[in-house]
Amino acid sequence: MLSFLLLGMSKPVEKEAQPTQYTKKSAERKGHYTKPHAGIYLNYQRPENLQIGDSLRLQLNFKVRDQAEQLKIKVNVGDALLLQSDSLFEFETVANEQYSVTVLATALREGATRISLDTTILVMGRYQSRSFSIPVIVGEATQPKSSVTGVIISKPGYTLDKAQGVVSMPAVETSD
Amino acid sequence: MNYLTKWLAAGLFTSLLSCGGSSSEPVTPTASCTLGTGTSLNVSGTITFERIALLDSGALDFAGKTSQPAKAIQVEAICNSVIAVTTTDVNGSYSVVLPSGTQGVFIRAKAQMVKSGVPSWNVEIKDASQAFSLLFALDSSPFNLDDLDVTKNLLATAGNVGSTYPVDALRAAAPFAILDSIYKSMQLVLSVEPDLIFPALDVKWSADNEDGTFYTNNQISVLGSTVDTDEFDEHVIAHEWGHYYQDAFSRDNSVGGSHTPGDILDIRVAFSEGFGNALSAMVTGDPVYKDSQGIASGFFIDVESNNCINEGWYSECSVQSVLYDFFDVANDDIFSLGFDEIHEVMTSNIPTSSSLTSIFSFINYFKNLASIDATDVDTLLAAQSIDAISDEYATGVSDGIYIIGSTDVLPIYDDRALVDDPPFPLTDVCSTGDNISAAEVYGLGASRFIRFTAPSSGNFSFTSSWSSGLSTSDPDMYLYSNGDLIGLGVTANNKSETLVTYLAAGSEYILEVLEYTYVDLDLPYNRSASGAINKTCFTVSRTSI
């Protein structure tokens, strides 16, 4: 900024623009800088890989921010699973308490799927939500994403253009 | 208008590619294009994308879908290889000149904003599901150029059907919506510093991305899974871009991690996250931070509201409230400054400050600006239960009223070693788990900061030895010089840790001492567990070696 102040005090002259480039000074002790969330916390044991026909019993332990008055949980399972427990849970909450629900499901078909959770708390008269996703593998363990350099995952609708280094998506062409 | 139109002769371009080592494999959509040799024809149009709006609750508003221009993105004409390159303007318009007689050419809009010169930037949206580095691109169908100019308008669709996303929906709008939010973020900064050189930024997104939305090391990950899509959540993207801004142009000593307004946070985390929240409101012009969750739910923060839970200098909410009040033109506060002064402190003062990044360092320098009335700043701080800030080390600042537990977290910077003779050893350097509200939350007081100066130049050994608290203790230490990490001691040794480093005579340093048990992500600490010991103390010594 100093350079701008000095320029501002000088008489106008024809001058080539001077780029402003900063030296990086951040600490090397980097974590992930995540987005803020509603103040709903989930703790669980990641489920073992299942075989078709296996039953899944998964305990989910929730805590909520101190000011929350109510916790609602909605459970959805992917189509490789059949949910056999309730899908909706509701608690009146107090500070520092843990709220547990048990999800029961049966493995129907092979694949990488998930249990998704829509959770909502009531805080100071306002509803605030946070979503969670729990990966579940049925059958042979499959990686939903490429973890090996040199392997490109193809997906419906997307065309891989290796030569140009792009994942091509068809545009909708309009005349206006 | 920022048009850069180039018509590259196919042969020349091929030779350039071979010099650069890039592949010359045929382009997939038009393997059989024939480049014409006739008169010049104009191919022009607009590149747009669908944006799904958000409701006040933060939830997606599928009925509020609009088409918006894809600004400043790279557009190519491809006939086996790239034969023309241009950039869209603020209306999403582009234009290239191609030879008549060309058969099978197509237009490609890349999910990339790139500009050389001054200012400059390079932002790319890449497929998070690929181990390869693959950029998203929107392609037209192939077309022929006979003897008339051609209009090609390309729309990237959101992929929703009604209020849901079908399985395997093609969500072409997402990369361009993300770019649009980053474009707006860059514009805010360019409005006060037009000649900025932005370091390259990679963004990873895919329709199945469940890695989280976060910033780390010049890369932003954006959630795409329908459990939580973030591509249309402008505040979320601007928040993460705010971390990039701090990293690129300022300094950020935050260790990151989970956080929510209301948490009682380490001062570095509170400032970093509060800055991101405030910046998102500045960028979007919308003081209500919104984050859609799943298909029908949402999360929001009223950045303009000064009604923070657990307000104080350890609160990201208080930080965002103060920063946004400096910026905004609303009549609810004293200031209406815009971004100038904030940017000046962030880029001119924070990078060279000797303390760690926090609201104290920011306010200290902010109050010193000629255009700022320090008394007004103190008034604004008082509204967030923050005492007047007189220096970057929080001298004289009192405990916030909402701090949990009995462990004293003051002074924030322990300066006994600056005044005592001898300066070391220091007893009762206490780390606390009192403010660890949940897993991954870096609560206030877990880390303690010791200021000292080096008595002579040479190698020194620091030891942190357990004196009370957890029976199984894992002390760690980090050493900073002007905010740069210059040494660490992070072994898993029980009850003792050592850090060896070189010190320069007369220079000031900050030693961070902590009990790792309180911040261990693999074994989240539970302050409320039966028998929990939320205070562990150490004796810190220094020896010349």
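All of the numbers you see were taken from the coordinates with simple rules; none came from a lab. This structure is a prediction, so every number in the text was calculated from the model and none was measured. Here Cβ is always computed from backbone atoms with ideal geometry, including for glycine, and neighbour counts include all displayed protein chains.
At-a-glance table
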{"quantity": "Relative contact order (%) - criterion: Cα under 8 Å, at least six apart; region: chain B", "calculated": "10 percent"}
{"quantity": "Equivalent ellipsoid dimensions for the range B:162-318 as semi-axes, Å, which come from the Cα gyration tensor, largest first", "calculated": "25, 20, 15"}
{"quantity": "Against the rule of thumb 2.2 N^0.38 Å, how large the Cα Rg of the range B:32-117 comes out", "calculated": "1.40"}
{"quantity": "Neighbourhood net charge (15 Å Cβ-Cβ; Lys/Arg +1, Asp/Glu -1) for residue A:49", "calculated": "0"}
{"quantity": "Paired Rg and Dmax values of the range B:274-428, which use every Cα atom, in angstrom", "calculated": "17.4, 63"}
{"quantity": "Rg and Dmax of the range B:133-227, Cα atoms only, in Å", "calculated": "17.1, 50"}
{"quantity": "Percent of alpha-carbon pairs separated by more than 18 Å within the range B:224-284", "calculated": "38 percent"}
{"quantity": "Fewest-first ranking of B:216, B:536, using other Cβ atoms within 10 Å as the exposure measure", "calculated": "B:216, B:536"}
{"quantity": "Relative contact order of the range B:58-109, defined on C-alpha pairs under 8 angstrom at six or more residues apart (%)", "calculated": "36 percent"}
{"quantity": "Lys pairs under 13 Å by Cα in chain B, provided they are eight or more residues apart or on distinct chains", "calculated": "5"}
{"quantity": "Spacing of the two label points (7 Å from each Cα toward its C-beta) at residue B:461 and residue A:48, in nm", "calculated": "4.8 nm"}
{"quantity": "Label-point gap, in nm, between residue B:187 and residue A:94 - each point 7 angstrom along Cα→Cβ", "calculated": "5.2 nm"}
{"quantity": "Length-normalised contact order of the range B:154-250 in % [C-alpha pairs under 8 Å, at least 6 apart]", "calculated": "22 percent"}
{"quantity": "Counted charge near residue B:410, where neighbours are those whose Cβ lies closer than 12 Å (Asp, Glu -1; Lys, Arg +1)", "calculated": "-4"}
{"quantity": "Potential extension, residue B:468-residue B:103 segment - 0.36 nm per residue separation minus Cα distance", "calculated": "123.4 nm"}
{"quantity": "Over chain B, equivalent-ellipsoid semi-axes from the Cα gyration tensor in Å", "calculated": "50, 25, 23"}
{"quantity": "Gain on full stretching of the segment that runs from residue B:163 to residue B:202 - 0.36 nm per residue minus C-alpha separation", "calculated": "11.0 nm"}
{"quantity": "Placed amide H near residue B:474: partners under 5 Å, 5+ positions off or other chain", "calculated": "B:495, B:516, B:517"}
{"quantity": "Nearest-0.05 FRET efficiency for residue B:528 and residue A:102, computed from C-beta distance (R0 22 Å)", "calculated": "0.50"}
{"quantity": "For B:249-262, mean number of other protein chain Cβ atoms within 10 Å", "calculated": "6"}
{"quantity": "For B:506-513, mean number of other protein chain Cβ atoms within 10 Å", "calculated": "0"}
{"quantity": "Global geometry of the range B:247-325, whether rounded, prolate or oblate, following the gyration tensor of its Cα atoms and the 1.5 cut on a/c", "calculated": "rounded"}
{"quantity": "Paramagnetic reach from residue B:502 in the range B:515-545 [backbone N under 17 Å; point 7 Å along Cα→Cβ]", "calculated": "B:544-545"}
{"quantity": "Prolate/oblate/rounded call for the range B:373-483, Cα gyration tensor, a/c under 1.5 rounded", "calculated": "oblate"}
{"quantity": "Kirkwood-Stokes translational diffusion coefficient of the range B:71-147, alpha-carbon pairs, 37 °C, 0.692 mPa s, µm²/s", "calculated": "240 µm²/s"}
{"quantity": "Phi-based couplings in Hz for the range B:167-176 (Karplus 6.51, -1.76, 1.60; Gly and Pro marked x)", "calculated": "4, 6, 4, 7, 9, 5, 5, 3, x, 7"}
{"quantity": "Normalised alpha carbon radius of gyration of the range B:424-545 [divisor 2.2 N^0.38 Å]", "calculated": "1.07"}
{"quantity": "Which of B:359, B:386, B:545 has the fewest Cβ neighbours within 10 Å, and the rest in rising order", "calculated": "B:545, B:386, B:359"}
{"quantity": "Cβ-derived FRET efficiency at R0 22 Å, residue B:340 paired with residue B:374, nearest 0.05", "calculated": "0.80"}
{"quantity": "³J(HN,Hα) computed for each position of the range B:410-415 - Karplus, 6.51 cos²θ - 1.76 cosθ + 1.60, integer Hz, glycine/proline x", "calculated": "10, x, 5, 10, 6, 10"}
{"quantity": "Efficiency of FRET from Cβ geometry, residue B:148 and residue A:59, R₀ 56 Å, rounded to 0.05", "calculated": "0.25"}
{"quantity": "Shielding by partners, peptide B:124-136 (average Cβ within 10 angstrom, other chains)", "calculated": "6"}
{"quantity": "Calculated from backbone phi, Karplus (6.51, -1.76, 1.60) coupling profile of the range A:60-68 in Hz, x at Gly/Pro", "calculated": "10, 10, 10, 10, 10, 4, 4, 7, 6"}
{"quantity": "For the protein assembly as shown, projected area of the alpha-carbon convex hull averaged over all directions, nm²", "calculated": "35.0 nm²"}
